[in-house]
Amino acid sequence: MSQTIEQAATADADGGTYDVIIIGAGVSGMRQLMLLREKGLSVRVLEGGGDIGGTWYWNRYPGARLDSETYTYQYAFDEELLAEWDWKELFAGQPELLDYFNRVADKHDLRRDISFNTTVEKMEFNEEANNWTVHARDGVVLTAKYVISATGVLSALNFPDIPGLDTFEGEWHHTGAWPHEEVDFTGKKVIVIGTGATGIQVITEVAKTADHLTVFQRTPNWAIPLRNRPLSAEEMAEIRKTYPTLFPHLQTTSSGFIHQADPTTSTDVPREERLAHYEHLYSQPGFAKWVGVYHDIATDAEANKEYGAFIERKIRERVTDPKIADLLVPTDHLFGTKRVPCETNYFETYNRDNVELISLKESPILEYTAKGVRTADGEVEADILIIATGFEAFTGALNRIDIRGKGGLTLKEKWQYGPLTYMGVQVADFPNLFIMGGPHGKGGHGNSPRCSEKPLEWVADFVGYLAANGIERVEADPEAEKEWSEWVYEVASHLLQAGANTYVYGDNIPGRPRAYLAYAGTLPDFVKKLDDSAADDYAGFTLSK
Ligand code: NAP
């Protein structure tokens, strides 16, 4: 029988000493805990939220849903659960996903090792003792030989730099910290700020019940149809039969998705055939139309523009008012150079009488007011304000913890001009700290459970090895870090994405220097780098007794 959340939350109120502290009980943190238990290590997970689930715990907004085919997104390690869990939809919604992760937490009795409502505020490396002191909210202090941050790449909320939110008298919510209670839009005037992957999902849903919905759009996005559908028991039985080959196959794709870039170069295909192929892709579910398109769409601007023109025609066919369609067609970035949102009737939403689209390019927001939002063109009133302005991606969650390494150097100082890491898992001058799902690594990005699967195992094996061999300190070599970081920046620079205004370069956070934050190499290539280092006595790391 597992502990209750309340027991778990208070179990460690006085602190304690552990082999490993994991920060975050999301999809990666949960699995990391299981893997470290198998090594016989004492582990405590510190989680800021009230329960497990990470992304799926926080992002409860209406319409929150996967863009990866659901059966490719689950944990692959638990054959018993794979055999019994039936997914209901091809692309699961947030409630079904949270049910699934709760089932995993219950089955593996995870909560007994997790402190909830325990946000980590500060941690410092003790150079004499070779361990970390971790300070959590409410004065809880813990010590651990190793810390593994599994804080997620999209978890630090980004609020727009607009004054006066505290003066707004209605109800407001950021999509990334949505309340547990249902928010009822019936008869209400609602404003949504933001039209990224999140905004697109929430706008479509809220428009169905709100009296009036005003969408504030700064930049339109190249959204594509999700084509979700229910999965029948028969289809699930067929899908289940593929698991033994599916999961190994997903480790061979570039980002753990079922879709893989088409090796054909678009210009090698006659134009008519190409356009027929685009039609076919458009009828397919999910990222077939982004990740699965001809490979040169990501690197050749001319090839990209033809595909973009095809998608533009589709958008225009679906929007009744050509002036609204003009606003919805992206003009500032090429197709796929920012994360492509998936949608279900998003463009048709703007044909509804109760939905209004305001372009912030023409009419910028000046301030929040007591009644709503004031733009350069006047005040728009609202009962409910939805802030869908995304995250300080990749580095935000780590930068918001005061992390002090050797000589008191803070991670924030070290990364002031952009992240520096070795394989995304360690940072020189921050010994015994592992990062799972931060900048410059593959874990936690793409189809995240697939991308993090091998890196999580690699970290567990490494920490197990260090503990078994009495290693006191492990630290990335500065040369290895320099080489890796330069290579990460170099690989990214060849993609058309480098020309877009995107959060993978930190462009969404005012004042942040432009630096590539993600990892543009492939998943197999990333895992091979980790494995090669391990096979070479953990080359690039200094291990001291
Ligand atoms: P996002 O992609 O960063 O979009 C934020 C939106 O807010 C953009 O439209 C942005 O406009 C706007 N915005 C930001 N600051 C603003 C300001 N000061 N004034 C007005 N508008 C402002 O964030 P997101 O939509 O939350 O998505 C983040 C990521 O989460 C996605 O890329 C995806 O990886 C993940 N996600 C996944 C799913 C899924 O799997 N189904 C669903 C949702 C989200 P600009 O474009 O002009 O900056």
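Quick notes
Matching residues to (1) in contact with a helix residue (DSSP H, G or I) (Cβ under 8 Å, 6 or more places away or on another chain); (2) within 27 Å of Ala325 (Cβ to Cβ); (3) outside any loop (DSSP other than H, G, I, E, B):
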{"residue": "Asp353", "(1), (2), (3)": "no, yes, no"}
{"residue": "Glu362", "(1), (2), (3)": "no, yes, no"}
{"residue": "Val373", "(1), (2), (3)": "no, yes, yes"}
{"residue": "Ile386", "(1), (2), (3)": "yes, yes, yes"}
{"residue": "Leu398", "(1), (2), (3)": "yes, no, yes"}
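- Complete set of residues in region 375-384 that are within 16 Å of the ligand (Cβ to nearest atom), buried (at least 16 other Cβ atoms within 10 Å of the Cβ) and outside any strand (DSSP E or B): Ala382
- Condition met for Asp161 (more than 15 Å from the ligand (Cβ to nearest atom) and farther than 30 Å from Met34 by Cβ): no
- Considering residues of region 214-229 that are out of contact with any Cys (no Cβ under 9 Å at 6 or more places or on another chain) and part of a loop (DSSP other than H, G, I, E, B) only, the residue farthest from the ligand (Cβ to nearest atom): Arg229
- Some residue of region 427-442 being surrounded by fewer than 22 Cβ atoms within 10 Å (Cβ to Cβ) and either modelled with pLDDT under 95 or in a loop (DSSP other than H, G, I, E, B) (or both): yes
- Residue satisfying condition, being of a type in the set (A, V, I, L, M, F, W, C), touching a Ser or Thr at 6+ places or on another chain (Cβ under 8 Å), in a strand (DSSP E or B) and within 14 Å of the ligand (Cβ to nearest atom), within set Val202, Val192: Val192
- Failed criterion for Pro524 (all others in (1) within 16 Å of the ligand (Cβ to nearest atom); (2) not β-branched (Val, Ile, Thr); (3) not in a loop (DSSP other than H, G, I, E, B) hold): (1)
- Flag if Glu273 is out of contact with any helix residue (DSSP H, G or I) (no Cβ under 6 Å at 6 or more places or on another chain) and free of Cβ contacts under 8 Å to residues at least 12 places away in the same chain: yes
- Every pair of residues 6+ apart whose Cβ atoms lie under 6 Å, when the first sits in region 391-410 and is at positive phi while the second is modelled with pLDDT of 95 or more and surrounded by 20 or more Cβ atoms within 10 Å (Cβ to Cβ): Phe394/Val153; Phe394/Pro439; Phe394/Leu517
- Test: Pro455 is closer than 28 Å to Gly292 by Cα and away from the ligand (no atom under 16 Å from the Cβ): yes
The values are calculated or read from the model by the stated rules, or taken from the named source; none is laboratory data. Because the structure is predicted, anything quoted here is derived from the model rather than measured. Reconstructed Cβ throughout: ideal geometry from the backbone, glycine too, with neighbour counts over all protein chains shown.
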